[in-house]
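Asker: Can you read through this structure? Questions will come right after.
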Amino acid sequence: MSCWPNILSDKSLEVVKNAGILLLQREIPDSVNIQVAKAAQSAGVSVILDAGGVESPIPPELVAVVDILSPNETELARLTNMPTEDFEQIKQAVGKCHNVGVKQVLVKLGAKGSALFTEGEEPIRQPIISAPKVIDTTGAGDTFTAAFAVALAEGKSQKECLKFAAAAASLCVQVKGAIPSMPERKSVLQLLHSN
Ligand SMILES: Nc1ncnc2c1ncn2[C@@H]1O[C@H](COP(=O)(O)OP(=O)(O)OP(=O)(O)O)[C@@H](O)[C@H]1O
Ligand SMILES: [Mg+2]
């Protein structure tokens, strides 16, 4: 029995069940995230949780249905109560996520790039795609996670997903604001072709 209320209608959940992928973040109430993530899981739709949003611990019932958890370094430190100052410490903290059942962790490392950790495998690191001018990094994380989700839903390899996401985030930091700075696919592909 779940202690979380069901809020969404079956009709709304159908949308989730027919999605290519489900991307959640923590500005949405946990009760809603849990309901949609369970619906996605029941339909074989992968669930990504961006750790950004409220800072409370992630309820175990949500952790149980997440395929990929995506924190930045600060969020990873807070969620695991471990330091994340260097890559070795990040690895240790990610290990704690694996121990509670999260198989994949996609860590955003700001100007140091990103890394995808899959339990039992070597992490895949992705450096940033350098931007000629960094104007505003607001929204870079959301752009990164969203672009990664798009690429994964399209069946790209993990390495390709990381590179696609890095390209989208690199374009994002070159424009002011959070929403207007999210690039279109055309620009992301152009940048990838020139790199
Ligand atoms: N200076 C930079 N130049 C190019 N790309 C960058 C730069 N800073 C960040 N990025 C890209 O953006 C991605 C996500 O950035 P970051 O780690 O800051 O996310 P975040 O802290 O979750 O951000 P947000 O504030 O949007 O939640 C990085 O993994 C990297 O690919
Ligand atoms: Mg973020």
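The values are calculated or read from the model by the stated rules, or taken from the named source; none is laboratory data. Not measured: the values here are computed from a predicted model. In this analysis, Cβ positions are derived from the backbone assuming ideal geometry, glycine residues included, and neighbour counts consider all displayed protein chains. These area figures cover heavy atoms from the full protein model, side chains too; ligands, DNA and RNA do not enter into them. Shrake-Rupley method; radii C 1.70, N 1.55, O 1.52, S 1.80 Å.
Asker: Anything in region 158-183 that is in contact with a helix residue (DSSP H, G or I) (Cβ under 9 Å, 6 or more places away or on another chain) and not aliphatic (A, V, I, L, M)? List them, or say none.
Answerer: Within region 158-183, the first condition is being in contact with a helix residue (DSSP H, G or I) (Cβ under 9 Å, 6 or more places away or on another chain), and the residues that meet it are 158, 160-173, 178, 181-183.
Scanning region 158-183 gives Q158, E160, C161, K163, F164, S170, C172, S181, P183.
Asker: Further question: Residue pairs, Cβ under 8 Å, 6 or more apart or interchain, first in region 139-157 and more than 10 Å from ligand 1 (Cβ to nearest atom), second among the acidic types (D, E). List them.
Answerer: What qualifies is A151/E160.
Asker: Okay, moving on. Report yes if some residue within region 39-53 is surrounded by fewer than 18 Cβ atoms within 10 Å (Cβ to Cβ), of a type in the set (A, V, I, L, M), touching a helix residue (DSSP H, G or I) at 6+ places or on another chain (Cβ under 9 Å) and over 27 Å from A140 (Cα atoms); otherwise report no.
Answerer: Yes; the residues of region 39-53 include at least one that is surrounded by fewer than 18 Cβ atoms within 10 Å (Cβ to Cβ), of a type in the set (A, V, I, L, M), touching a helix residue (DSSP H, G or I) at 6+ places or on another chain (Cβ under 9 Å) and over 27 Å from A140 (Cα atoms).
Asker: Being open to solvent by 40 Å² or more (accessible area, probe 1.4 Å) and within 13 Å of V63 (Cα to Cα) is the filter here; which residues of region 83-100 pass it?
Answerer: Just the residues of region 83-100 that are open to solvent by 40 Å² or more (accessible area, probe 1.4 Å), to begin with: 83, 85-89, 91-92, 96, 99-100.
Hits for region 83-100 are K96, N99, V100.
Asker: Next up: Within the set of pairs 6 or more residues apart or between chains, which connect a residue that is under 16 Å from V150 (Cβ atoms) inside region 165-180 to a residue that is outside any helix (DSSP H, G or I) and aromatic (F, W, Y) with Cβ atoms less than 9 Å apart?
Answerer: none
Asker: Of everything in region 118-132 that's within 16 Å of A167 (Cβ to Cβ) and in a loop (DSSP other than H, G, I, E, B), which residue is most open to solvent (accessible area, probe 1.4 Å)?
Answerer: Among residues in region 118-132 that are within 16 Å of A167 (Cβ to Cβ) and in a loop (DSSP other than H, G, I, E, B), the one most open to solvent (accessible area, probe 1.4 Å) is P132.
Asker: Now for a separate question. Every residue in region 69-82 that is surrounded by 14 or more Cβ atoms within 10 Å (Cβ to Cβ) and not charged (D, E, K, R), please.
Answerer: Of all residues in region 69-82, those surrounded by 14 or more Cβ atoms within 10 Å (Cβ to Cβ) come to 69-80, 82.
L69, S70, P71, N72, T74, L76, A77, L79, T80, M82, listed by residue number.
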